[in-house]
Protein chains: 2
Amino acid sequence: MNENFEKIQTLLEHKRYVPLIANLNEMNEVDVAHVLDMQSPAQALLLFRMLPKNLAANVFAQLSSSKQSAFLATITDRELAPILAELAMDDIVDLVEEMPANAVKRILAQTGETERQVINQLLKYPEDSAGSLMTTEYVDLEKQMTVHDALCCIRETGLKKETVYTCYVIDQNRFLHGVISLKKLVLSQGDLLIENLCERDCIFVHTHDDQEAVAAVFKKYGFLALPVVDTERRLIGIITVDDIMDVMQQEVTEDFQIMAAMQPSDEAYLETEVFTLVKHRIGWLLLLMVSETFTGNLIAGYEDLLVTATALTTFIPMLMDTGGNSGSQSSTLIIRGLATGEIQLHDWLRVLYKELRVALAVGGILGTTSLAKTYFINGKPLALCGSVGITLMITVVAAKLTGGLLPILAKKLCLDPAIMAGPLITTIVDTTSLFVFFNVARVVLRWPL
Amino acid sequence: MNENFEKIQTLLEHKRYVPLIANLNEMNEVDVAHVLDMQSPAQALLLFRMLPKNLAANVFAQLSSSKQSAFLATITDRELAPILAELAMDDIVDLVEEMPANAVKRILAQTGETERQVINQLLKYPEDSAGSLMTTEYVDLEKQMTVHDALCCIRETGLKKETVYTCYVIDQNRFLHGVISLKKLVLSQGDLLIENLCERDCIFVHTHDDQEAVAAVFKKYGFLALPVVDTERRLIGIITVDDIMDVMQQEVTEDFQIMAAMQPSDEAYLETEVFTLVKHRIGWLLLLMVSETFTGNLIAGYEDLLVTATALTTFIPMLMDTGGNSGSQSSTLIIRGLATGEIQLHDWLRVLYKELRVALAVGGILGTTSLAKTYFINGKPLALCGSVGITLMITVVAAKLTGGLLPILAKKLCLDPAIMAGPLITTIVDTTSLFVFFNVARVVLRWPL
């Protein structure tokens, strides 16, 4: 791939446009868009104008939105019209959603009346719904067609369809009757009736279903496309697997962000303004900082103890962090399990039992190791070492149970389980671990061993 | 979906097997496998035996591995052979990899000589390589065929192929010449030559490429299938998008686990033994616990200061956690950006500059808020409040720069950037924040304001 880019770059520098275009023409549109994205705006536009029309439209759909809006600001309406004519309906809708108002006006002016109606209809679906993901360019077959009719119909209309591999069988009211794959059509005899060949138990989603649920259906069944229906099961559009891969990536990125105590955003990091990044991060940091006041107040309540045994302070970071890390491990596994659907709400008791056993083992090992290390290596008094060991054990158990159960509780309360991740668990566990520590120490230190 | 399951359950309880099988026959194989997975072993086997042969094979491929191995232990060789004949090659390979030795022996005994050779070949590829993901059941067309010949060839051989939607054009040495979609074949005139129609600049992967890199290619181009070639660009197999969706999910789960300081594992949480979970978690916890000794030693070095100003201790948790959270936010965004390919190694200076500005703003807001809160609301001495505020500011900057750059450094050193996440960043930042705190306090507290 990189050799290709270098070749293009060399041809560009030497202004050898004829072999350059021949080369671009051979390349995948994603790569051509990548080449264009790396050029200066003027250079990119020059190249773009040299591309053949159908490639130009596909490349345009793949450009970064900053390049798209720069292009739209420069090209004439005469250049725009053929690009829009080649673009898939869902790509036009994405464009309309992302471009500034004056660009949108031009786009809508250059599309036909029927297209404009479809675009307006698609724009009405809530963001992140199945409706906002779908395209209306699918192959629909009527159930009384024969295989031969169907293949003719695909040959006539298929060129402008998002996929021809899954065809949807409808009746005269557009009620979704079933699906049939192009594979089955190609492999079947020409005189058979579609109605008898198609799969009746067809899986579909509704226009208002959340995109995360749609992605889950794709993952579960391994489909290439999925029909979208309205409340009366009339076929409205389809969603294809390539769009769903983007959704899956976006949903995972959001989970990562929420789990690291940020507001989720689907903007690319390098293209996000500093102000926006600050806005996404500051809220949780402030909230968690203020929550830590409780831990501070708790410590203040044990000042008498800390004055007589200042050595206790030196264990605070270790206890806090080990508690936090233990809790994060559990909450991460449970949040992920809930996201992939492997763990269900009704599994909470199994999670509790499993985490309890893991916590006892992990806590036991950590407590014993810490005791041995502080006593034999650091030569601290046994009472102190014992207090630390016991606290570790109790903290780990508390942290793992908290981390294991809070995400499930969040889901039960219809909150996003991802908020119950490391940062929040740590803050909750901090107070517990120090409370246990000071109380254990108070008791144990009275009977010095 | 759930109504369907209830109906099946009712029919099962009433032993109404005829309508039961009719219903199962209408359902998607994934759902049938789900129904079987929820039954007792005996009940599941009973149902499985009633399924028509081709559905049975597809359902078998979708069963959980515990059910698969239970089935294999019970069914006769006469029942096994037709299932294996229907199974796709990559599913048989997966089965052979997961089943116990005696089951594997029976599986291999029931497959034909040629199949056995292919299986053995596929088993040789390293785990997580493109070779281990691919299947050998693809449609290959010779370049001198016409469209009509090609469609005939697909009709004859397509039934047992993993996909017929992307066909691979080879020459007599199996050198990968190009690809052509079934869409293009169906939409083209019958007498055209494949050689002139197919796409020459075809994207492929090598047998030893890592599955993560393969997934990235799928995501980038939105392909349904990708050819796998050997070092001489001879076609060896194909990988289909449904298998890649599983890889994507698995890779993300591994990242989540590493970022929460665990050894990655692709076993399902609820099916993982307690001992295994302990083993995956204890290593990092021990390491991080011992690392925290440094922070403890640092505190011990300032015992004189802490004795005279015990109030300092109450701010330790807040400073540690805020530093850790600030660092986690940055490292999470960068780790994710590196994983999706949005951030490259050469972007490190842009990341540094962006994180610096974000950190100054976030640190400024947190520092000021903390100063105002502790001074006006908690009524602490200004010198103390000032020390905390200044420390917060410096800690946040240090944490965000550490969190932003360490993942990039890790990638540069060919380590997994995901290890540079919350837990490790927190441990590193702890020492910094307390070191800054005690030194600022020592200076400021000498000149009480």
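The values are calculated or read from the model by the stated rules, or taken from the named source; none is laboratory data. Just so you know, these numbers come straight off a predicted model, no measurement behind them. Here Cβ is always computed from backbone atoms with ideal geometry, including for glycine, and neighbour counts include all displayed protein chains. Note: accessible area is taken over every heavy atom of the protein model, side chains too, but ligands, DNA and RNA are not part of it. Shrake-Rupley method; radii C 1.70, N 1.55, O 1.52, S 1.80 Å.
In region A:84-203, what percentage of the DSSP-assigned beta bridges are antiparallel, given to the nearest 5?
Taking every DSSP beta bridge within region A:84-203, about 70 percent pair in antiparallel fashion.
Once you have a ≥ b ≥ c as the square roots of the Cα gyration tensor eigenvalues for region A:1-123, tell me rounded if a/c is under 1.5, and otherwise prolate or oblate according to whether a/b is larger than b/c.
Prolate, since a/c reaches 1.5 and a/b exceeds b/c.
Over region B:272-444, with the other protein chains present, what is the accessible area per residue in square angstrom, probe 1.4 angstrom?
With the other protein chains kept in place, region B:272-444 gives 37 Å² per residue.
Can you classify region B:272-444 as rounded, prolate or oblate using the Cα gyration tensor, where a ≥ b ≥ c are the square roots of its eigenvalues, rounded means a/c under 1.5, and otherwise it's prolate if a/b beats b/c and oblate if not?
Taking the square roots of the gyration eigenvalues as a ≥ b ≥ c, region B:272-444 is oblate.
Would you kindly derive the ³J(HN,Hα) couplings of region A:49-56 from the backbone phi angles with the Karplus curve 6.51 cos²θ - 1.76 cosθ + 1.60 (θ = phi - 60°), listing them in order in whole Hz, with x for Gly and Pro?
Going residue by residue, I get 5, 7, 6, x, 3, 5, 5, 4 Hz, with x marking Gly and Pro.
For the full complex of protein chains and a 1.4 angstrom probe, list A:M50, B:M145 by accessible area with the highest value first. Could you put the intermediate results ahead of the total?
On the way: A:M50 65, B:M145 40 Å².
Descending order: A:M50, B:M145.
Give the percent of DSSP beta bridges with both residues in chain B that are antiparallel, rounded to the nearest 5.
75 percent
May I ask for the distance between the Cα centers of region A:64-101 and region B:359-419, given as a whole number of Å?
Taking the Cα centre of region B:359-419 as reference, the centre of region A:64-101 is 43 Å away.
Tell me what the protein assembly as shown gives for mean residue ellipticity at 222 nm when only DSSP H runs of n ≥ 4 count, each as -39,500 (n - 2.57), the sum divided by the residue total, rounded to 500 deg cm²/dmol.
So the helix-based figure for the protein assembly as shown works out to -21000 deg cm²/dmol.
Past the 29 Å Cα-Cα mark, which pairs from A:K143/B:K161; A:K124/A:K183; B:K219/B:K354?
A:K124/A:K183
Ignoring ligands, DNA and RNA, please state the percent of accessible area on region A:272-444 from carbon and sulfur, probe 1.4 Å.
The value for region A:272-444 is 71 percent carbon and sulfur by accessible area.
For region B:120-228, run through the GluC sites (Glu not before Pro) and keep only the ones in DSSP coil with at most 12 other Cβ atoms within 10 Å of their Cβ.
Sites meeting the loop and neighbour criteria: B:E127.
Based on Cβ point charges of +1 for Lys and Arg and -1 for Asp and Glu, what charge dipole magnitude is obtained for region A:96-252 about its Cα centre, in debye rounded to the nearest 20?
Roughly 320 debye, rounded to the nearest 20.
Once the label point is set 7 Å along the Cα-to-beta-carbon vector, what list of distances in nm do you get between A:T157 and its counterparts in the other copies?
Label-point separations across copies, in nm and ascending: 3.3.
Along region A:148-154, what does the Karplus equation 6.51 cos²θ - 1.76 cosθ + 1.60 (θ = phi - 60°) give for ³J(HN,Hα), rounded to whole Hz, x for Gly and Pro?
4, 4, 4, 5, 4, 4, 5
In square nanometres, what is one fourth of the surface area of the convex hull spanned by the alpha carbons of the protein assembly as shown?
42.5 nm²
Restrict the search to region A:152-228; then list the trypsin sites (Lys or Arg not before Pro) that DSSP places in a loop and that have at most 14 other Cβ atoms within 10 Å of their Cβ.
Working: sites: A:R155, A:K160, A:K161, A:R174, A:K183, A:K184, A:R200, A:K219, A:K220; in loops: A:K161, A:R174, A:R200.
Counting only loop positions with at most 14 other Cβ atoms within 10 Å, the trypsin sites (Lys or Arg not before Pro) in region A:152-228 are A:R200.
Could you please put B:H148, B:H34 in sequence from largest to smallest accessible area, using a 1.4 Å probe?
The ranking, largest first, comes out as B:H148, B:H34.
How do B:V147, B:V217 stack up against each other in accessible area, from largest to smallest, with a 1.4 angstrom probe?
My answer, sorted largest first, is B:V217, B:V147.
So the label point sits 7 Å from Cα along the Cα-to-Cβ vector; using that for B:L413, what distances do you get to the other copies, in nanometres, sorted shortest first?
Label-point distances to the other copies, shortest first: 4.1 nm.
Can you check what the net charge comes to around B:Q68, using other residues whose Cβ is under 11 Å from the Cβ of B:Q68 (Lys, Arg +1; Asp, Glu -1)?
-3
What are the distances, in nm and sorted shortest first, from the label point of B:E127 to the label points of the same position in each other copy, with each label point placed 7 Å from Cα along the Cα-to-Cβ direction?
4.2
Connecting C-alpha atoms closer than 10 Å in a GNM of chain A, tell me which of A:L270, A:L84, A:L72 has the biggest fluctuation.
A:L270
What are the residues whose amide H is under 5 Å from the amide H of A:M145, where those residues sit 5 or more places off or on another chain and H is modelled from the backbone?
Close amide H contacts, sequence-distant or interchain: A:I194, A:E195.
Accessible area lost on pairing B with A, both sides, 1.4 Å probe, Å² to nearest 100?
Counting protein atoms only, the buried area is about 10100 Å².
Of the beta bridges DSSP finds with both residues in region B:136-240, what % are antiparallel, to the nearest 5?
70 percent
Which of the GluC sites (Glu not before Pro) found in region B:270-351 are in a DSSP loop and have at most 13 neighbouring Cβ atoms, other than their own, within 10 Å?
Those that pass, being in a loop and sparsely packed, are B:E273.
Quick check: the distance between the Cα centres of region A:220-277 and region B:213-264, to the nearest angstrom?
19 Å
Going by amide H atoms built from the backbone, whose H comes under 5 Å of the H on B:V169, apart from near neighbours?
B:L141, B:H177, B:G178, B:V179, B:I180
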